[in-house]
Amino acid sequence: MRDEIFKEPISKQFEFDDFVASVFDDMISRSVPFYDVSSNLNAKLLAKILPKDASVCDLGCSTANSLLLLNNLRNDLVLSGVDNSEAMLANAKNKAKAYGADIEFILDDILECELEGFDAVLANYTLQFIRPPKRADLVQKIYNGLNENGVFLFSEKIIFEDKKLTKSVIEIYEDYKQAQGYSRYEIAQKREALENVLVPYTEEENRSLALNAGFKRVESTFKWGNFMSFLAFK
């Protein structure tokens, strides 16, 4: 279904409700530059570096796009996804069934769920929706729960230290969204709905989150303007 949620005046802040879940795949593919390219790249990297029968958990798994990519690449992986949106998980389960993928889906708050014994944890455009005071605690919990030599793959919308550069890149990004079929009105409506809901960090702040939690190094796997993927190694 095509994302047309913001064609009408907004009445509330952005949330992952039934309406968003119904158009999520279209929304993210048109809103995140090179989403398919970066998702495929990150899945292929994990498929190459993870040990046999590795256990993978996707936090904020939404409709299971990342998990399904991994399932297509490695049928030995033990896959699970956590999300607090019933509508998202309903879509995820339907897609997994359609593809014959054996994936466990868990309805839970990622701040409260158990995270123990995983070889990889994913958080794609998820940390940015966690309130800053709780973000470091979540990354610490992820680090603590990973197996030895485990990895944490996360993607985020970022801001720049230079405010003028941030403004210029945002303008380029909004031009990109318009080229994907969104009107200027829709773009402005969504920006307003996300105000104080999506709180982006700088590249350095994201790296520090992982390093301060104990990860020994953090690499960048993809970057376009104000979107970036990180791979942290325990």
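The values are calculated or read from the model by the stated rules, or taken from the named source; none is laboratory data. Only a predicted model underlies this, so the values are computations on that prediction, with no experimental measurement involved. Every residue, glycine among them, receives a Cβ derived from its backbone with ideal geometry; neighbour counts consider all protein chains shown. Only protein heavy atoms, including side chains, enter the accessible area calculation; ligands, DNA and RNA are left aside. Shrake-Rupley method; radii C 1.70, N 1.55, O 1.52, S 1.80 Å.
Some notes on this structure:
- Cα-centre dipole for the chain with unit charges at Cβ (Lys and Arg positive, Asp and Glu negative), debye to 20: 660
- Ordering of 85-92, 133-140 by packing [mean C-beta count within 10 Å, highest first]: 85-92, 133-140
- Whole-percent carbon and sulfur share, accessible surface of the stretch 98-189, 1.4 Å: 50
- Eligible lysines near K52 by straight Cα distance, threshold 19 Å, same-chain separation 8 or greater: K44, K234
- Label-point separation in nm, A136 to V199, each point 7 Å along Cα→Cβ: 1.3
- With the highest mean first, a sort of the peptides 96-109, 154-167, 7-20 on other beta-carbon atoms found within 10 angstrom per residue produces 154-167, 96-109, 7-20.
- At least 30 Å along the helix axis (C-alpha) and Kyte average at least 0.0, DSSP helices within the chain: none
- Mean separation of Cα contacts under 8 Å, 6 or more apart, over the residue count of the chain: relative contact order %: 21
- Gain upon complete extension [I172, F34; 0.36 nm per residue less C-alpha separation]: 48.3 nm
- Pairs spanning more than 29 Å between alpha-carbon atoms, out of K12/K167; K97/K223; K97/K177; K12/K134: K97/K223; K97/K177.
- Unit charges at the beta carbon, dipole of the stretch 20-123: most positive-side option, G117, I106, A47: A47
- The stretch 74-221, accessible area per residue, ligands and nucleic acids excluded (1.4 Å, Å²): 52
- Here V23 and T221 are evaluated by their C-beta separation; at R0 = 22 Å the FRET efficiency comes out at 0.20.
- What the phi angles of the stretch 101-113 give under the Karplus curve with 6.51, -1.76 and 1.60, with θ = phi - 60°, is a coupling list of 9, 8, 10, 8, 10, 10, 7, 6, 7, 5, 6, 10, 5 Hz, glycine and proline written as x.
- Over the residues of the chain, the helix contribution to mean residue ellipticity at 222 nm works out to -14500 deg cm²/dmol, using -39500 (n - 2.57) for each DSSP H run of at least 4.
- With only Cα atoms counted, the chain has Rg and Dmax values of 17.2, 50 Å.
- Relative contact order [Cα under 8 Å, 6+ residues apart], the stretch 42-99, whole percent: 38
- Radius of gyration and maximum dimension Dmax of the stretch 71-165, Cα, Å: 15.3, 48
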